[in-house]
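Where a number appears in this text, it was derived from the coordinates with a stated rule and is not lab data. Values in this document were obtained by computation on a predicted structure and should not be read as measured data. Virtual Cβ from ideal backbone geometry, glycine too; neighbours counted across all protein chains shown.
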Amino acid sequence: MANADVQQFGDVKFREDSPNAQLDELLDRLVEDLQLTPTQHQSAEEKYLAVARWLSAPGSPVEAMDPQIYPQGSLRTETTVRPLAHQEFDLDLICELEASPDHGPGALYELLWARMESNERYRPMLERCARCMRLNYANDFHLDIVPAIPDPAGASATSLLIPDQEQRSWRPSNPKGYAEWLEQMARLPIVEKRTMGATIEPLRAPQPVTTKPPLKLAIQLFKRWRDVTYAPRPEEPPSSIILATIAGHVYGKEEHVTDALSAVLGRTLAWTRREDIHLQNPANDKECITDRWHKKPGAYDAFRLELEAFHLRWQRLVNEGTIFDVSKDLERLFGEKPVKRAMKAYAESRAQARQTGQLHTSRTTGALLTSAGSQALRVASHTFYGGTDDT
């Protein structure tokens, strides 16, 4: 970041450039670096569609039950975060079948297991889990296949029952309803309709960070902080759905990612000080999403302590940080490599904006801006002769 523009204005504090435009841009670039790359997304989509086609192929025992196959979790809500080094992505798909609960949770699970195991390619990759069967793609990601049936007693058309192999029982869920709720909290409502007959829902194309709502960006940063913070800790970290649901509940429609994350942290911390956080799926109040977390000794107390530290560091960063000294704090919160890449991209964008005459400085604060306004002065671009285009 050793260019003239940053040297000249490097002592400008973020808070002075309302509403934190420089930090907002840095966080945008950080989230962009943390998301699935286009290559990773394409690989995930190819494998997802191949599995979906195998499950729903004509003549298979699964095809006879009108499978509805669709993504769930972070892939559906567009809040994926690349894992830390040497870890794999966790991607989830639902295979919803037309069957009665009388069919039995074990029988439904075994039906899908037998179908997957009959494929020579998938057989050595299969692993049994309590609520899904996992396909392990070495050094890439693992794909969790979750069997499900419609819940006849559910509150909505998208309510599901999922087999729990450990409890040998049905567990309520509603991944589509949950995704719709999160979209509404993020002010991007979507409408989906149930269809009959075998269908395979494609993965959405990745949404550009520049058009993604602040809540989703804040959730991705929240999840990345969790991954970095809990890497050396033995306690159970909060799951992605716990963090996303907390953020969705406390989000106050802030319009910029810095403000959104600040609000989520402050309100979540206040919540933990009032009471222990217990959460149901907002789209299915019969599904508790914090039960396992609270059963792990020390997990909730560890989260509360780490959240206190996160909030304190974040407040100091936003209120006192400058474009120079903020990088170390960001690295401690979100990891060294992605922050360095984000800082580099930020500096390069500033240099390019100056060369094209799109870089401005605030008349009142001196902050560098990439958009002009009534209180902005254009920063002159450099020439090959060492001067500026204004000389």
Which of the aspartates and glutamates could a cross-linker bridge to Lys344, judged by Cα under 17 Å and excluding same-chain residues fewer than eight apart? Asp5, Asp24, Glu25, Asp28, Glu32, Asp33, Asp325, Asp329, Glu331, Glu336
Taking only the alpha-carbon atoms of the stretch 38-200, the convex hull volume per residue, in cubic angstrom, is 127
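Which order results if Asp151, Asp285 are arranged by neighbouring Cβ count within 10 Å, fewest first?
Final ranking by Cβ density, sparse to dense: Asp285, Asp151.
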Beta carbons within 10 angstrom, averaged per residue: use that to sort the peptides 63-69, 288-294, 163-169, highest first. 63-69, 288-294, 163-169
Violating pairs (Cα-Cα greater than 26 angstrom) within the set Lys176/Lys286; Lys176/Lys296; Lys176/Lys212: Lys176/Lys296
Neighbour-count order for Ile162, Ile200, fewest beta carbons within 10 angstrom listed first: Ile200, Ile162
